[in-house]
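Undergrad: Let me begin by handing over the structure; questions about it come next.
The values are calculated or read from the model by the stated rules, or taken from the named source; none is laboratory data. Note that the coordinates shown come from a computational prediction; the quantities given were computed from them, not determined experimentally. Ideal geometry is used to build each Cβ from the backbone, glycine not excepted, and the neighbour counts take in all protein chains shown.
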Number of protein chains: 2
Amino acid sequence: MTDFQVTILGNGSAVPTTLQNPTAQMLQIGHHRFLIDCGEGTQMQMIKYQVSRKNLSHIFISHLHGDHYFGLIGLISTMHLYGREMPLHIYAPESLEEIIRLQLKYSETRLKYPLLFHVLQDAKVIYDDNRLEVSCFPLNHRIPSWGFVLREKMKERNLRKNFVDRYAPGVEQMHRIKQGGDFALPGGKVLKNEEITVEPPLPRSYAYCSDTAYDEDVVPFIQSVNILYHEATFDDAMTDIAAEKFHSTARQAAQIAAKAGVGNLLLGHFSARFSDVDHLLTEAREVFRNTLLSEQGKTYVIERG
Amino acid sequence: MTDFQVTILGNGSAVPTTLQNPTAQMLQIGHHRFLIDCGEGTQMQMIKYQVSRKNLSHIFISHLHGDHYFGLIGLISTMHLYGREMPLHIYAPESLEEIIRLQLKYSETRLKYPLLFHVLQDAKVIYDDNRLEVSCFPLNHRIPSWGFVLREKMKERNLRKNFVDRYAPGVEQMHRIKQGGDFALPGGKVLKNEEITVEPPLPRSYAYCSDTAYDEDVVPFIQSVNILYHEATFDDAMTDIAAEKFHSTARQAAQIAAKAGVGNLLLGHFSARFSDVDHLLTEAREVFRNTLLSEQGKTYVIERG
């Protein structure tokens, strides 16, 4: 079974504190790594928590508030200094490329590896391989902001060994059966697909919504994911401030989780004003039981089903 | 007696390690604070080491390699979010303003305080009050790089109390005597200045040279400072690489310290390849005895004389 896990590198909001670094999280899916957001100090957090950047091929930046990308230029520079040659793809709002290239220009840095920017401008698939699909979708924030959802693809059905041994189906027949087809015997009898195959493992999925106001428009994009990371900057008492600042309360995050029917909700992007966020968990759990407070340095395994 | 001290926030070089953050240091002189360089994570280091940014009015950025300024935009943003109103002066190579303003623009941040950029382009005084003078001078690096020297001004001589009590000099006479003048008695006898005054306390001074190749041209600027912070990226075995990369070895830093007749030499900007830098201290001390390895989080008091 392939790994599918996320390590929280930072779960704070706009200003860092003794407890919280700005936002970043590393997904490891099989031998691939994907970074979502890259606040200041992300590369130090990776060192601290021993999170490798090996096979980090794609970085997804949600929006251009600094607590979500100020660490990117440092990470890009460090990978250059360590001799990276593998291309790096960055998906981000349009202006990030200008910001990064300007800094490379004035330091007279000619990167040793290809740095490829892709502009987020519509909800669509932004990464696709034979096992995994990553899509972006719009959030509702003061400036354009994007959520991300990573979904494993449904695998083909598995042929039962005793069926293959007994009937020795041809290559094309096997292909059709794996797609759900039945098998017709020479005499006209039909073996139903479910008799001759086994369900493939359930695909796993993870979604990221930060920063955003409460917005039900995200629900179709994140439907039924195994883990939803949703921002919970504020508490119930600050519901008005949350709306005004285009952020969410913990309870609102839970409402989105409930509407989307997700497996587990992981709260983050906590306001620096809270030295303790236990009450956010209490408020969220009143709406959605399977809620956790994200913890920096902790790795969450995305389980099937 | 007024404070004059420097706290090392980061003394690493281009890439951060578990031991070293990129360059930054905070000077506290009386109630003023001055920041020299601001590598990524500087604001977190300030939190970690409880270094206040109160009365931080001036930031001096040596050059536009990222390990000396990538943390600046984060610090600027944080001070904005905490409601700073006091102007902030930044002395830096020309292009830094473009880099910072571009990032503020795309995050739609309208700073609540005046951010005033000043371009470093000649060796000159860049800060001057009644007690202190700060000057910049060119270093020798791959891109334009600046050193800084902070010197207290010599105070006026102090009148001896018994002289004032006995002769009750007038205001103008007192002024002349404080400047070094003698005092003529009515009968023609002259009281020499050294009989009627006391030496003022010796002024203190601190200089910063990073990043730079070995270059004796800096010596006149840093002559006799109490503490010289000089980069020591490499060791003796890497003298050729140091020259090629426009950096210094620890021994070269000590040679500059000796030529400038400084009080103490503080080494920093250590290459990430060294897990231990004790041999840098040994090599430097062969040339200049009063050498120390800078330590992150440590405060060095600049003593008189």
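Undergrad: Of the residues B:Gly39, B:Gly66, only one is in contact with a Phe, Trp or Tyr (Cβ under 9 Å, 6 or more places away or on another chain), among the small types (Gly, Ala, Ser) and closer than 20 Å to B:His141 by Cβ; which?
TA: Going through B:Gly39, B:Gly66 in turn, the sole match is B:Gly39.
Undergrad: Can you find, within the range B:101-116, the residue that is farthest from A:Leu64 (Cα to Cα) among those that are touching a His at 6+ places or on another chain (Cβ under 6 Å) and more than 8 Å from chain A (Cβ to nearest Cβ)?
TA: Result: B:Leu116.
Undergrad: Go through the range B:219-305 and tell me which strands (runs of 3 or more DSSP E), entirely inside it, have 2 or more residues that are within 22 Å of B:Phe137 (Cα to Cα) and at pLDDT 95 or above.
TA: Strands (runs of 3 or more DSSP E) meeting the threshold: B:227-231, B:264-268.
Here is a yes/no grid of residues against (1) touching a Cys at 6+ places or on another chain (Cβ under 8 Å); (2) part of a helix (DSSP H, G or I); (3) of a type outside the set (Gly, Ala, Ser); (4) within 14 Å of chain A (Cβ to nearest Cβ):
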{"position": "B:Gly74", "(1), (2), (3), (4)": "no, yes, no, yes"}
{"position": "B:Thr78", "(1), (2), (3), (4)": "no, yes, yes, yes"}
{"position": "B:Ile90", "(1), (2), (3), (4)": "no, no, yes, no"}
{"position": "B:Ile99", "(1), (2), (3), (4)": "no, yes, yes, yes"}
{"position": "B:Ile126", "(1), (2), (3), (4)": "yes, no, yes, no"}
{"position": "B:Leu150", "(1), (2), (3), (4)": "no, no, yes, no"}
{"position": "B:Lys155", "(1), (2), (3), (4)": "no, no, yes, no"}
{"position": "B:Glu172", "(1), (2), (3), (4)": "no, yes, yes, no"}
{"position": "B:Arg176", "(1), (2), (3), (4)": "no, yes, yes, no"}
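Undergrad: Moving on. Being of a type outside the set (A, V, I, L, M), modelled with pLDDT of 95 or more and in contact with a Pro (Cβ under 7 Å, 6 or more places away or on another chain), is that true of even one residue in the range A:156-168?
TA: So far as the range A:156-168 goes, no, none of its residues is of a type outside the set (A, V, I, L, M), modelled with pLDDT of 95 or more and in contact with a Pro (Cβ under 7 Å, 6 or more places away or on another chain).
Undergrad: Take the residues of the range B:186-207 that are touching a residue at least 12 places away in the same chain (Cβ under 8 Å), out of contact with any helix residue (DSSP H, G or I) (no Cβ under 9 Å at 6 or more places or on another chain) and assigned to a strand (DSSP E or B): which is surrounded by the fewest Cβ atoms within 10 Å (Cβ to Cβ)?
TA: Going through the qualifying residues, I end up with B:Val198.
Undergrad: Give the residues of the range A:79-110 that are of a type in the set (S, T, N, Q) and closer than 21 Å to B:Pro144 by Cα, sorted by residue number.
TA: Once the filter is applied, which keeps residues that are of a type in the set (S, T, N, Q) and closer than 21 Å to B:Pro144 by Cα, the range A:79-110 yields A:Gln103, A:Ser107, A:Thr109.
Undergrad: If you check B:Phe163 against the conditions, is it buried (at least 16 other Cβ atoms within 10 Å of the Cβ), closer than 30 Å to B:Leu191 by Cβ and not aliphatic (A, V, I, L, M)?
TA: Judged against the criteria, B:Phe163 is a match.
Undergrad: Mind checking which residues of the range A:158-170 are among the hydrophobic types (A, V, I, L, M, F, W, C), closer than 27 Å to A:Asp3 by Cα and assigned to a loop (DSSP other than H, G, I, E, B)?
TA: Those that are among the hydrophobic types (A, V, I, L, M, F, W, C), closer than 27 Å to A:Asp3 by Cα and assigned to a loop (DSSP other than H, G, I, E, B): none in the range A:158-170.
Undergrad: Can you tell me which residues in the range A:36-49 are closer than 14 Å to B:Pro16 by Cβ and facing chain B (nearest Cβ under 10 Å)?
TA: Within the range A:36-49, A:Glu40, A:Gly41, A:Thr42, A:Gln43, A:Met44, A:Gln45, A:Met46, A:Ile47, A:Lys48 qualify.
Undergrad: Just need a number here: residues in the range A:1-36 that are of a type in the set (S, T, N, Q), in contact with a helix residue (DSSP H, G or I) (Cβ under 8 Å, 6 or more places away or on another chain) and assigned to a strand (DSSP E or B).
TA: 0
Undergrad: Here's a follow-up. Looking at (1) crowded, with 17+ Cβ neighbours inside 10 Å; (2) in contact with a Lys or Arg (Cβ under 8 Å, 6 or more places away or on another chain), which is the one condition that is false for A:Gln252?
TA: Failing condition for A:Gln252: (2).
Undergrad: Hey, another quick one. When only residues in the range A:276-296 that are in contact (Cβ under 8 Å) with a residue 24 or more places away in the chain and exposed (fewer than 15 other Cβ atoms within 10 Å of the Cβ) count, which is farthest from A:Glu231 (Cα to Cα)?
TA: A:Glu286
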